[in-house]
């Protein structure tokens with residue numbers, strides 16, 4: 001049974017450094033929890049920005065090193081995007097969903113649909129390498145990355161926790177981005193409430209909540225998007241059955257997707 005008793009506490013974990021390849025991210029999160037005087041308990045969730053995971057995993061690309069194909073050049077002309085960025089997007093995508101002025105929406109090879117395959121050029125420079133033009137790809141296997149963090153923190157503390165790796169997603173019919181889960185470990189990605197009763201005693205028939213996305217969106221309010229440097233958020237106030245789950249549970253199959 002998943003439950004929230006009407007109160008969530010979200011805390012940005014302090015003191016995380018600018019991360020780089022090979023850094024022990026779980027150990028750094030554990031130190032940040034100590035600085036915040038937080039002892040992990042069953043049901044806690046740690047939300048980690050995808051960019052932090054990507055930096056630790058060395059997902060940097062020097063745009064000067066990218067060889068541009070004729071296909072990428074054509075799409076770059078259509079969209080007005082840097083052809084080197086387009087080439088990277090194509091390399092991370094299963095298929096193109098939509099194109100438009102300064103827009104290239106794709107189905108990522110991990111199954112979710114997002115703009116630019118989640119590739120970011122802000123705060124993308126490797127540590128100790130100022131200048132140049134850099135891009136940062138999403139983690140290669142976000143669910144596996146989330147599980148490594150969860151397992152390491154669970155071994156340190158004995159707590160049954162969940163981990164969400166979040167990224168900022170745009171939406172086709174809304175302006176602005178929201179936090180979304182691209183990696184999940186330990187907690188259900190979905191909260192199926194069908195069969196529960198509403199206020200009038202009628203059973204719910206269609207209510208399935210994207211629990212991991214909701215957690216990611218809430219954490220996004222605390223993490224920020226610019227120079228805040230808040231890469232990990234502690235969430236308390238949920239009760240959920242700990243188990244083996246992945247963000248793939250959130251993906252609508254392509255044959256059911258009316259827009260992609």
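The values are calculated or read from the model by the stated rules, or taken from the named source; none is laboratory data. Owing to the predicted nature of the structure, the values given are computational and were not obtained by experimental measurement. Counting neighbours? That spans all protein chains shown, and the Cβs are built from the backbone with ideal geometry, glycine included.
A few remarks follow.
- Qualifying helices (runs of 4 or more DSSP H) (wholly inside region 42-99; at least 1 residues being touching a residue at least 60 places away in the same chain (Cβ under 8 Å) and touching a strand residue (DSSP E or B) at 6+ places or on another chain (Cβ under 7 Å)): 50-56
Table: residues versus (1) closer than 17 Å to residue 219 by Cβ; (2) assigned by TED's automatic domain parsing to the domain that holds residue 219; (3) surrounded by fewer than 14 Cβ atoms within 10 Å (Cβ to Cβ).
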| site | (1), (2), (3) |
| --- | --- |
| 13 | yes, yes, no |
| 23 | no, yes, no |
| 26 | no, yes, no |
| 33 | yes, yes, no |
| 38 | yes, yes, no |
| 43 | yes, yes, no |
| 46 | yes, yes, no |
| 52 | yes, yes, no |
| 68 | no, no, no |
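- Scope region 120-159; condition touching a strand residue (DSSP E or B) at 6+ places or on another chain (Cβ under 7 Å) and at pLDDT below 95; matching residues: 120, 121, 124, 125, 126, 132
- Residue among 158, 170, 243 that alone is touching a residue at least 24 places away in the same chain (Cβ under 8 Å) and farther than 30 Å from residue 259 by Cα: 243
- Test: residue in region 183-193 that is in the same structural domain as residue 30 (by TED's automatic domain parsing), touching a residue at least 24 places away in the same chain (Cβ under 8 Å), within 10 Å of the chain's Cα centre (by Cα) and not in a loop (DSSP other than H, G, I, E, B): yes
- Checked against the criterion of being at pLDDT 85 or above, out of contact with any strand residue (DSSP E or B) (no Cβ under 7 Å at 6 or more places or on another chain) and either assigned by TED's automatic domain parsing to the domain that holds residue 13 or in a strand (DSSP E or B) (or both), the candidates 229, 176 yield just one match: 176.
- From the list 140, 125, the one residue that fits, being more than 26 Å from residue 256 (Cβ to Cβ), in a loop (DSSP other than H, G, I, E, B) and under 16 Å from the mean Cα position of the chain (by Cα), is 140.
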